[in-house]
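> The structure is given below, and queries will be raised subsequently.
The values are calculated or read from the model by the stated rules, or taken from the named source; none is laboratory data. The structure presented is a predicted model; accordingly, all values stated were derived computationally and were not measured. Cβ atoms come from the backbone with ideal geometry, glycine included; neighbour counts cover every protein chain shown.
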Amino acid sequence: MNIPKIFESEYRFCLILWENEPLTSRALSALCKERLGWAKTTTYTVIKRLSERGVLKNEKNIVTSLVSKEDVQAAEVEELMEKKFEGSVPAFLAAFAKKKELKEDQIAEILRIIEEG
């Protein structure tokens with residue numbers, strides 16, 4: 001599945017949706033006002049835009065996602081790896097490990113994921 005590009009403000013919106021879905025567009029608008037400071041019209045514009053791009057659906061004023069948070073995150077990492085590391089997972093991990101001190105339990109979790117992958 002090709003995951004549509006989701007920009008930063010849209011991603012913050014999607015975090016609210018993923019945490020609370022399904023919910024009415026009115027309830028989503030209220031949450032976006034509370035958490036993001038958005039006007040109702042801004043929320044409805046984002047709902048329409050993301051619906052047109054296949055990120056969510058809005059049927060009978062009930063908003064639900066069509067893509068998962070994990071799929072969006074994976075697509076973003078893949079795009080980053082392609083752009084900055086020429087698709088090289090080892091180069092990506094090396095750059096990450098040099099700048100971030102990993103705890104032993106984090107290293108063990110990464111190794112577990114690699115072994116299962």
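> Counting only residues that are within 21 Å of F7 (Cα to Cα), aliphatic (A, V, I, L, M) and loosely packed, with under 12 Cβ neighbours inside 10 Å, how many does the range 78-117 have?
The total comes to 1.
> A follow-up question, please. With the structure loaded, tell me whether E76 is part of a helix (DSSP H, G or I) and closer than 14 Å to Y11 by Cα or whether it fails that test. Lay out the reasoning, then the answer.
On the way: part of a helix (DSSP H, G or I): yes; closer than 14 Å to Y11 by Cα: yes.
Answer is yes for this residue.
> In the range 1-37, which residue that is more than 19 Å from the chain's Cα centre (by Cα) and without any contact (Cβ under 8 Å) to a residue 12 or more places away in the chain is surrounded by the fewest Cβ atoms within 10 Å (Cβ to Cβ)?
Across the range 1-37, the extreme among qualifying residues is G37.
> Test each condition in (1) in contact with a strand residue (DSSP E or B) (Cβ under 7 Å, 6 or more places away or on another chain); (2) assigned to a helix (DSSP H, G or I); (3) of a type in the set (S, T, N, Q); (4) loosely packed, with under 14 Cβ neighbours inside 10 Å for S51 and report the one that comes out false.
Failing condition for S51: (4).
> Could you tell me how many of the residues in the range 8-21 are part of a loop (DSSP other than H, G, I, E, B) and either in contact with a helix residue (DSSP H, G or I) (Cβ under 7 Å, 6 or more places away or on another chain) or modelled with pLDDT under 95 (or both)? Step through it out loud before you land on a result.
Kept after step one, since they are part of a loop (DSSP other than H, G, I, E, B), are these residues of the range 8-21: 21.
Cutting the leftovers down to either in contact with a helix residue (DSSP H, G or I) (Cβ under 7 Å, 6 or more places away or on another chain) or modelled with pLDDT under 95 (or both) gives us none.
Number of matching residues: 0.
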